[in-house]
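Remarks on the structure that follows.
The values are calculated or read from the model by the stated rules, or taken from the named source; none is laboratory data. Fair warning: this is a prediction, and the values are worked out from it, not measured in the lab. No Cβ is skipped: glycine too gets one built from the backbone with ideal geometry, and neighbour counts run over all protein chains shown.
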There are 2 protein chains.
Amino acid sequence: MYHFCKNIEAISAYKPGKPVKEVERELGIKNSIKLASNENAWGFSPKSKAAMEEAIRNANIYPDGASFYLRRKISEFHNIPIDNIVVGNGSNEVLAVILRTILREGTNVVSSQHAFPVYKIMTQSCCAKFTAVPAQNYRFDVYSMMKACDENTAIIMIDNPNNPTGTYLPYNQMMDILNFAEKNKILFIADEAYIEYVRAADYKTMMNVFDKYENLVITRTFSKAYGLCGLRLGYGIGNKEIIGLAHKVRDPFNVNIIAQYAGEAALEDQDFVKRVVKNTHDGIDYLYSELKKIGLNYIETQGNFILVEVPGSGKEFFDKLLRYGIIVRPVGEDLHKHIRLTVGTMEQNKKAIDAIKEVIKG
Amino acid sequence: MYHFCKNIEAISAYKPGKPVKEVERELGIKNSIKLASNENAWGFSPKSKAAMEEAIRNANIYPDGASFYLRRKISEFHNIPIDNIVVGNGSNEVLAVILRTILREGTNVVSSQHAFPVYKIMTQSCCAKFTAVPAQNYRFDVYSMMKACDENTAIIMIDNPNNPTGTYLPYNQMMDILNFAEKNKILFIADEAYIEYVRAADYKTMMNVFDKYENLVITRTFSKAYGLCGLRLGYGIGNKEIIGLAHKVRDPFNVNIIAQYAGEAALEDQDFVKRVVKNTHDGIDYLYSELKKIGLNYIETQGNFILVEVPGSGKEFFDKLLRYGIIVRPVGEDLHKHIRLTVGTMEQNKKAIDAIKEVIKG
């Protein structure tokens, strides 16, 4: 006899931003600007484009089930052994697969208020409990997170930098909680999706210590600085035992062929990534300066987006911006006074600022 | 404290066929013919190709998280409501997601000997038990499967037609076991990946009764007759409650944008599918006739592949065929005397038959 897991029935599914053409159709507008999903306004490398075109010709062939060539390329890029790498249908799948190797009813995951909302859904999908420890001034509080762990805590999950706040944890705090997790045999997941955009001097990647800790998994994505979110491609790095189990639990052909080809090519064009990051930083600096002039509070960001506190509710402000053809993300929940604004091209940023000014004028 | 699930540690990961270029590199051969993975030798529709080319341009944008347009197209194609449809990263992901909504430690899945081997891995990934009921003359024995169910049986899984045997269950037997499952509150999954190739007169799709049974889920794929296995695209159909839970459990952006575009276009070109099926049937008839002449036993197939009994072991025969540049699948396990031969173009089929003759000559 089958029963659905109560925990699963209780899940509120993640609500992605609407596709632009849906929004335009509903509102009867055109040429709107979507700054809602932290997408890359500069697209992707021409090398990735050529690789995608080649891959299309082979769409009737199964992708390499082990993503061997891409994993070899990642292995060279980070200078780590291939057996420590698993590739997924977005880093989202890598995270979900790692959770599934460990979580079950009765276990729990400790993370933070304001963490990437999908973490909670993933945890509930495994019939486990998700604990969101209160943040301090929008930042994760690693010491309170340690206190929140109990004997059933199987995983601590941190996205660093964090989406949607743009905040980050300095290296020393990450090491403190990683050491705590090691001592208590808790798996520690560091999701570094936005790492390419980081400017904070006291931030460091956990890749520095990946081979020193058996309980550490790091995830990366091609969705942000590489501009390939449409293809779904990310990877996880950790010790061979955990990665080996992830390979068992993942679907046998989990990564599509277009993504595998494009990912290999993307890693070869680091100049493209540098340009994207430079443009993003220029955009952030422009937006900071304009938001200050307007008098709106924002949180300093290490990502490609800015969380801005707006008059009224974020949802109301979002609705008003829509009428000017600017689509942002009303974050909701604990951040209902905020909108999240993705950094676009300078032209898009200027149009967004103009629209924000108009909305505030009322 | 984390523990890995013992059941997961015990999984033997699915071994996909090697990519052609790997095999060629290892053997130092060129222009080999891969008839090992039930891929579509005629590629995909030109409409799908055009759609993929368009999709590439949007690879820096997230795919529609709900696969709305593709689900609407599937809904029109089958004339069923959109809320009864979930799309996945291959039907493989749909199956895995459905299993995850229900299975946990202590539950079990009843299927058959010779069933698609990934079913067992999926079940073990959920820490549940997989029962493979002995087949009769390579065919699933639904009445023994019913007897094998107990109070902890949550799911009965049947691929019909079955890969790798090519056998099928007639409609009356499918209805008998579906009714049994309904009575015992067991979820019934009918995987119809190969349905387009079926010629048996007493076969019918379970789509006929999808809205009559609350415990029925049907899966379909774009990997076979539509020729898009590289993109990873499949879908599941069932009652709104189960499908709604699947939407909660799946990753929020589970289907890549290239697959979504190509799938919509593929459904619009049924003439392409008809040609593929006609060519496949011609190939099957040719192979039957040649295998008879050679004196090799085979199992009549409803798929795009034939299971052939070979002298010695399947693995030995596979190795010998490799030297002639013909790559087939040695099935292994209970079918260690067999090779599975995918139907290719007539030229490929002829080369395969020539190579088989040479190997038998010794």
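Collect the residues in the range A:43-52 that are buried (at least 22 other Cβ atoms within 10 Å of the Cβ), over 23 Å from B:Gly43 (Cβ atoms) and at the interface with chain B (Cβ under 7 Å from one of its Cβ atoms), keeping them in residue-number order. If the condition is that a residue be buried (at least 22 other Cβ atoms within 10 Å of the Cβ), over 23 Å from B:Gly43 (Cβ atoms) and at the interface with chain B (Cβ under 7 Å from one of its Cβ atoms), then A:Phe44 is the only one that fits.
Going by the conditions given, is B:Asn179 surrounded by fewer than 21 Cβ atoms within 10 Å (Cβ to Cβ) and within 14 Å of chain A (Cβ to nearest Cβ)? In short, no. Tallying residues that are within 9 Å of another protein chain (Cβ to nearest Cβ), assigned to a helix (DSSP H, G or I) and touching a residue at least 40 places away in the same chain (Cβ under 8 Å) within the range A:98-126 yields 7.
So that you can scan it fast, the table gives a plain yes or no per residue for (1) more than 17 Å from A:Leu70 (Cβ to Cβ); (2) crowded, with 17+ Cβ neighbours inside 10 Å; (3) touching a helix residue (DSSP H, G or I) at 6+ places or on another chain (Cβ under 6 Å); (4) not basic (Lys, Arg):
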{"site": "A:Glu214", "(1), (2), (3), (4)": "yes, no, no, yes"}
{"site": "A:Val217", "(1), (2), (3), (4)": "yes, yes, yes, yes"}
{"site": "A:Leu228", "(1), (2), (3), (4)": "no, yes, yes, yes"}
{"site": "A:Leu233", "(1), (2), (3), (4)": "no, yes, yes, yes"}
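For the range B:22-42, the set of residues classified as of a type in the set (Lys, Arg) and facing another protein chain (nearest Cβ under 9 Å) consists of B:Lys34 only. One residue stands out in the range A:77-97 among those that are more than 10 Å from chain B (Cβ to nearest Cβ) and in a strand (DSSP E or B): the one that is surrounded by the fewest Cβ atoms within 10 Å (Cβ to Cβ), namely A:Ile85. Based on what the data block shows, is B:Gly230 within 21 Å of B:Val343 (Cα to Cα) and at pLDDT 95 or above? Criteria met by B:Gly230. Could you please let me know if B:Phe140 is more than 14 Å from every other protein chain (Cβ to nearest Cβ) and crowded, with 24+ Cβ neighbours inside 10 Å? Criteria met by B:Phe140. Scanning the range B:228-275 for residues that are among the hydroxyl-bearing types (Ser, Thr, Tyr) and within 13 Å of chain A (Cβ to nearest Cβ) returns a single hit, B:Tyr261.
Restricting the search to the range A:329-362, which residues are β-branched (Val, Ile, Thr) and either over 21 Å from A:Thr167 (Cβ atoms) or at pLDDT 95 or above (or both)? Hits for the range A:329-362 are A:Ile339, A:Thr342, A:Val343, A:Thr345, A:Ile353, A:Ile356, A:Val359, A:Ile360.
Restricting B:Tyr69, B:Tyr62 to those that are in contact with a Pro (Cβ under 9 Å, 6 or more places away or on another chain) and crowded, with 19+ Cβ neighbours inside 10 Å reduces the list to B:Tyr62.
Considering (1) modelled with pLDDT of 95 or more; (2) buried (at least 23 other Cβ atoms within 10 Å of the Cβ); (3) farther than 21 Å from B:Lys73 by Cα, the lone condition that B:Leu245 does not fulfil carries the number (1).
Residues checked against (1) surrounded by fewer than 18 Cβ atoms within 10 Å (Cβ to Cβ); (2) part of a loop (DSSP other than H, G, I, E, B); (3) not polar (S, T, N, Q):
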site	(1), (2), (3)
A:Lys15	yes, yes, yes
A:Glu22	yes, no, yes
A:Arg25	yes, no, yes
A:Lys30	yes, yes, yes
A:Asn38	no, yes, no
A:Ala41	no, yes, yes
A:Glu54	yes, no, yes
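Kindly evaluate A:Asn254 against the criterion of being among the polar types (S, T, N, Q), assigned by TED's automatic domain parsing to the domain that holds A:Leu231 and under 20 Å from the mean Cα position of the chain (by Cα).
When the stated conditions are applied, A:Asn254 passes them.
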